[in-house]
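Could you have a look at this structure, given as structure tokens, before my questions?
Every number here is computed from the coordinates shown, using simple stated rules; none is lab data. As the structure is a computational prediction, the values presented were derived from the model and not from experiment. Neighbour counts are summed over all protein chains in view; Cβ atoms, including those assigned to glycine, are modelled from backbone coordinates with ideal geometry.
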Amino acid sequence: MRKHIVAGNWKMNTTVAEGVELAKAVVAASAEVPADVKLIIAPPFTHLYPVAEVVKGSAVGLSSQNCANKEKGAYTGEVAVNMLESVGCQYVILGHSERREYYGETDATLVEKVKLALAQGLSPIFCIGEKKEEREAGRHFEVVTEQVKNVLFELTPEQMANVVVAYEPVWAIGTGLTATAEQAQEIHAEIRKVLAEKFGELAQEISILYGGSCNPTNAKELFACPDIDGGLIGGAALKADSFQAIALSF
Ligand code: 13P
């Protein structure tokens, strides 16, 4: 049985005070979420320390939205995996399309980040997904296959066992356009098939989340698909009640 996960990527939203309030509301809301659904929140770096205090002792996991591709040293503005671990993170979102698109993150850098995170005991939530023009050109399978192979095929099975994959079609992020359940299911199944080429049976154990305008209205249909194990939520994670409603959609 694969883990069901609903993770909230807060992106660059909320002040520290607002983030602490939101985290408190998520912890309160988590009481009604079944224990087999793992809730995770990913606030901005500045919020991690106080938010870690809020989620401590609760079932809510803590993630960052990125990490450095270096261990430590003269890398102004970067945050290392041991810092994230020491503040109480258990997860790190890596390879989000906004990082790839606006900050030039490459597969080569992502291999370094994923390996550093795993070595520090953090679970990467590794994001993949095609752009609008790639889907329109019928290249979506090819694009996600490349993203999986270029990064995740560099891992050992022991490392891969601690990775969560998130399929986020770029055209669906923040646009209100969701992939249909059929579109999402067929590509999730393909991602699992590609993972199985390298990792065999382990591919059946890997949680693959859907992200991109996932909300309380469409979550049920998406989560009912056999290869969709949860969601990576942007906008709808900024309110505890809609985040909770999504988590109650399995
Ligand atoms: P939205 O849910 O706002 O479309 O964002 C999805 C996302 O990018 C989560 O990482």
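Using 1/(1 + (r/R0)^6) with R0 = 41 angstrom and r between the beta carbons of residue 45 and residue 196, what's the FRET efficiency to the nearest 0.05?
0.70
Find the relative contact order for the chain and round it to a whole percent, using C-alpha pairs within less than 8 Å whose residues are 6+ positions apart.
22 percent
Would you mind computing, in nm to one decimal, how far apart the modelled labels at residue 18 and residue 75 are, each placed 7 Å from Cα along Cα→Cβ?
A separation of 2.9 nm, rounded to one decimal place.
Given a cut-off of 23 Å, name the pairs among 38/239; 38/149; 38/131; 11/149; 3/193 whose C-alpha atoms lie farther apart than that in the structure shown.
Long pairs (Cα-Cα over 23 Å): 38/149; 38/131; 11/149.
To continue, here is another question. Round to the nearest 0.05 the FRET efficiency obtained for residue 52 and residue 186 when R0 = 45 Å and r is the Cβ-Cβ distance.
FRET efficiency, residue 52 to residue 186: 0.75.
If you don't mind, there's one more thing I want to ask. Compute the orientation-averaged projected area for region 52-196 from the convex hull of its Cα atoms and round it to one decimal in nm².
Approximately 9.9 nm², given one-decimal rounding.
Mind checking which aspartates and glutamates have their C-alpha under 20 Å from residue 115, skipping anything on the same chain fewer than 8 residues away?
71, 78, 85, 105, 107, 146, 154, 158, 205
Name the residue, out of 231, 73, 138, whose mean-square fluctuation peaks in a Gaussian network model built on the chain with Cα pairs under 10 Å.
In the Gaussian network model the winner is 73.
For region 128-143, in order, what is each residue's ³J(HN,Hα) by Karplus, 6.51 cos²θ - 1.76 cosθ + 1.60 with θ = phi - 60°, in whole Hz (x at glycine and Pro)?
Going residue by residue, I get 9, x, 8, 7, 4, 5, 5, 5, 4, 8, x, 9, 4, 5, 4, 5 Hz, with x marking Gly and Pro.
Give the distance, in whole Å, between the Cα centre of region 31-98 and the Cα centre of region 140-163.
Between the Cα centre of region 31-98 and that of region 140-163, the gap is 21 Å.
Hey, how many Å between the Cα centroid of region 170-192 and the Cα centroid of region 104-122?
Centre-to-centre distance over Cα atoms comes out at 24 Å.
Once a ≥ b ≥ c are taken as the square roots of the eigenvalues of the Cα gyration tensor of the chain, is the result rounded (a/c under 1.5), prolate (a/b larger than b/c) or oblate (a/b not larger than b/c)?
rounded
Continuing with this model, one more query. Before anything else, pin down the relative contact order of region 46-101: Cα pairs under 8 Å, at least 6 apart, normalised by residue count, whole percent.
That works out to 41 percent.
For the chain, modelled as a GNM with alpha-carbon contacts under 10 angstrom, which of 18, 190, 130 fluctuates the most?
18
I've got another one for you. Considering only 41, 157, 144, whose Cα is most displaced toward the positive end of the charge dipole of the chain, charges sitting on Cβ of Lys, Arg (+1) and Asp, Glu (-1)?
41
Calculate the dipole size of region 71-116 relative to its Cα centre from +1 charges on Lys and Arg beta carbons and -1 charges on Asp and Glu beta carbons; express the result in debye to the nearest 20.
About 80 debye.
Still on this structure: In whole Å, what is the distance between the alpha-carbon centres of region 195-250 and region 4-21?
17 Å
If the only charges are +1 at each Lys and Arg Cβ and -1 at each Asp and Glu Cβ, what is the size of the charge dipole of region 8-90 around the Cα centre, to the nearest 20 debye?
140 debye
Can you tell which of 137, 23, 181 shows the greatest fluctuation in a Gaussian network model of the chain with Cα springs below 10 Å?
Looking only at 137, 23, 181, the largest GNM fluctuation is found for 137.
Return the Rg/Rh ratio of region 18-113 with Cα-based radii and a Kirkwood Rh.
1.01
Using unit Cβ charges (K, R positive; D, E negative) and no other charged atoms, how large, in debye to the nearest 20, is the dipole of the chain about its Cα centre?
Taking the Cα centre of the chain as origin, the dipole is about 400 debye.
Continuing with the same structure: For region 122-250, what is Rg from Cα atoms divided by 2.2 N^0.38 Å, rounded to two decimals?
1.01
For region 192-246, what is the convex hull (Cα atoms) projected area averaged across all directions, in square nanometres?
Mean projected area of the Cα convex hull: 4.0 nm².
Here is a further query. Please report, largest first and rounded to whole Å, the three semi-axes of the ellipsoid equivalent to region 148-188, where each semi-axis is the square root of five times an eigenvalue of the C-alpha gyration tensor.
Those come to 26, 11, 9 Å.
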